[in-house]
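The block underneath contains the structure these notes are about, expressed in structure tokens.
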Amino acid sequence: MNYTEEEIDMLQIQDTLVSLDLLEREFICDLDKCLGECCIEGDAGAPVTAEEKQKLEEILPAILDDLTPAGRRALEENGVAYVDEEGDLVTTLVDGAQCAFTCFGKGGLCQCAIEKAYREGRIDFMKPVSCHLYPVRITEYPTFTAVNLHRWDICKCAEILGRKHRLPAYKFLKEPLTRRFGPEWYEELDKTAQEYYRQYSPEKLQ
């Protein structure tokens, strides 16, 4: 496959357009450095589907004891999700910033109480797909889906660790990308990435 300059910003994988950032940027979450700050900072909750909202309501009793008092209060008062100013259904926040589903471990590490319960075998739902995908952000359009890599200062340490291990973001995010788009989509993305590297970044070939 040969790429023209007009195609260089995005790659088409089935009915999605994937930002080249996922191939060119290295990324590995470095929780020892960031302490999960992406679940604390921000001004909007994580996007969820109506089905995910229903699932959050079902599993809430199983994780209540893991949540902070402020998180429990926010969920009791506002429910598990709300419609934000842009009309999107998103998870409830504490004081407009911290996710209500967070809990804290040793050294102040912020954790997702949903994922914690899932890994302990107490529930069968890992967490919303949008959370699992981060720092990838999905935007739905009438005829295609855009797949972009969000960048902010909090994740600088993840980019440094990714560069150290030479791991492209799309490979670090294989599990959530496969969960969202399916194994055939991810296999096509990987093959396209290798073709792209052969033409433009042979040093990234693995």
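The values are calculated or read from the model by the stated rules, or taken from the named source; none is laboratory data. Being a predicted model, the structure only gives us computed values, none of them experimental. Note: ideal-geometry Cβ built from the backbone for every residue, glycine included; neighbour counts use all protein chains shown. Quick note on the areas: whole protein, heavy atoms, side chains included, nothing else; ligands and nucleic acids left out. Shrake-Rupley method; radii C 1.70, N 1.55, O 1.52, S 1.80 Å.
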Here the gain from full extension of Glu140 to Thr68, 0.36 nm per residue of separation minus their alpha-carbon distance, amounts to 22.6 nm
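When the accessible area of segment 95-203 is computed with all protein chains present and a 1.4 Å probe, what percentage of it is carbon and sulfur?
Of the solvent-accessible surface of segment 95-203, carbon and sulfur hold 51 percent.
Within segment 107-148, list the GluC sites (Glu not before Pro) lying in a DSSP loop whose Cβ has at most 16 other Cβ atoms in a 10 Å radius. Could you put the intermediate results ahead of the total?
Values: sites: Glu115, Glu120, Glu140; in loops: Glu120.
Filter output for segment 107-148: Glu120.
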In terms of the charge dipole of segment 80-159, which places +1 on Lys and Arg and -1 on Asp and Glu at the beta carbon, the residue among Cys110, Val80, Gly96 farthest towards the positive end is Cys110
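Assign unit charges at the C-beta atoms only (+1 for Lys and Arg, -1 for Asp and Glu), then state the dipole size of the chain relative to its Cα centre in Debye, rounded to the nearest 20.
On the way: 24 positive and 39 negative charges, 188 e Å.
Computed charge dipole of the chain: roughly 900 debye.
So what is the diffusion coefficient of segment 78-206 in µm² per second by Stokes-Einstein at 4 °C and 1.567 mPa s, using a Kirkwood Rh over Cα pairs?
Values: Rh = 17.3 Å.
So the translational diffusion coefficient is about 75 µm²/s.
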Rounded to the nearest 10 degrees, the helix 69-78 long axis (Cα) sits at an angle to the longest Cα principal axis of the chain of 90 degrees
Calc'd 3J(HN,Hα), segment 125-130, phi into Karplus 6.51 cos²θ - 1.76 cosθ + 1.60 (θ = phi - 60°), Hz, glycine/Pro = x, comes to 10, 6, 3, x, 4, 4
With Cα coordinates, the longest principal axis of the chain makes an angle with the long axis of helix 156-165, in degrees rounded to 10, of 50 degrees
Taking r as the C-beta separation of Glu57 and Arg179 and R0 as 22 Å, the FRET efficiency to the nearest 0.05 is 0.60
Relative contact order in percent for segment 116-176 (Cα pairs under 8 Å, 6+ apart) equals 22 percent
For segment 176-183, in residue order, the Karplus 3J(HN,Hα) values (coefficients 6.51, -1.76, 1.60; θ = phi - 60°; whole Hz; Gly and Pro = x) are x, 5, 5, 4, 7, 10, x, x
Taking only the alpha-carbon positions of segment 86-126 as identical scatterers, the Debye log10 I(q)/I(0) at q = 0.27 Å⁻¹ comes out as -0.96
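Please give the calculated 222 nm ellipticity per residue for the chain, where each DSSP H segment of at least 4 residues contributes -39500 (n - 2.57) and the sum is spread over every residue; nearest 500 deg cm²/dmol?
Details: 10 runs with 84 residues, N = 206.
For the chain, the value works out to -11000 deg cm²/dmol.
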